[in-house]
Amino acid sequence: EVGVERNMEELGVRLVVAEEVERALAPVAKPLEIDAFPRPQVILVIGVNGSGKTTTIAKLAHLFAEQDYQVMLAAGDTFRAAAIGQLQTWADRAGVPLIAGKEGGDAAGIVWEAVKRGTEIGTDVLIVD
């Protein structure tokens, strides 16, 4: 019973924190619109390890693809072990191309290549990890 009580207490804390975060962000929230011209519109996702960047990128890619945007991902995180493979898995699931290099490679060069290729093929949205 102690384990159940602890889990319920943790769930309650998580819900309260989620509600407070939502309340704090609501006044400044606005829709993410794809309106850049010339294309692609670049979305750079940054944050500390483990904060959910790659999962957020996957969700955005899926959302934009469902809205009939041409989406491309760029694996700019060349230093975290398995980052490229993880992003490739999400790109495959979303059915979108991924521009990547080798682990430890030049992140700026990868993003440059992604913008170049995205421009060439008419990509609407380029999401960079």
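Some observations on this one:
- If only the Cβ of Lys and Arg carry +1 and only the Cβ of Asp and Glu carry -1, the dipole of region 12-77 around its Cα centre is close to 140 debye.
- Screening the chain for DSSP H helices whose Cα atoms reach 24 Å or more along their own axis and whose mean Kyte hydropathy is at least 0.0 gives 2-25.
- Amide H contacts under 5 Å for residue 43, placed H, 5+ residues apart: 126, 127, 128
- Using only side-chain charges placed at the Cβ, +1 for Lys and Arg and -1 for Asp and Glu, the dipole size of region 48-129 relative to its Cα centre rounds to 180 debye.
- Fully extending the segment from residue 49 to residue 65, taken as 0.36 nm per residue of separation minus the present Cα-Cα distance, adds 3.2 nm.
- Region 10-75: C-alpha gyration tensor shape, a/c 1.5 cut-off, then a/b vs b/c: prolate
- For the chain, the fraction of 1.4 Å probe accessible surface lying on carbon and sulfur atoms is 58 percent.
- Sequence-distant residues sharing a close amide H with residue 76 (under 5 Å, placed H): 129
- Förster radius 35 Å - calculated FRET efficiency between residue 18 and residue 108 (Cβ-Cβ, nearest 0.05): 0.50
- Full extension of the chain between residue 120 and residue 88 gives 9.4 nm of extra length, using 0.36 nm per residue less the Cα-Cα distance.
- Amide hydrogen proximity for residue 70: with H placed 1.01 Å from N in the peptide plane, the residues at 5 or more positions away or on another chain lying under 5 Å are 124, 125.
- Computed over the chain, Cα set: Rg, Dmax in Å: 17.8, 60
- Electrostatic dipole magnitude of region 1-42 [Cβ: Lys, Arg +1; Asp, Glu -1; Cα centre; debye, to 20]: 320
- With helices as the sole contributors, the chain gives -17000 deg cm²/dmol at 222 nm; each DSSP H run of n ≥ 4 counts as -39500 (n - 2.57), and the sum is divided by every residue.
- Whole-number accessible area per residue in Å² for the chain, which is evaluated in the context of all protein chains at 1.4 Å: 68
- Full extension of the chain segment joining residue 34 with residue 79 gains 13.3 nm, where the gain is 0.36 nm per residue of separation less the Cα-Cα distance.
The values are calculated or read from the model by the stated rules, or taken from the named source; none is laboratory data. The structure displayed is predicted, hence computed values, not measured ones. When we count neighbours, we look across all protein chains shown, and the Cβ atoms used for this are built from the backbone with ideal geometry, even at glycine. Please note that ligands, DNA and RNA were not included when accessible areas were found on the heavy atoms of the full protein model with its side chains. Shrake-Rupley method; radii C 1.70, N 1.55, O 1.52, S 1.80 Å.
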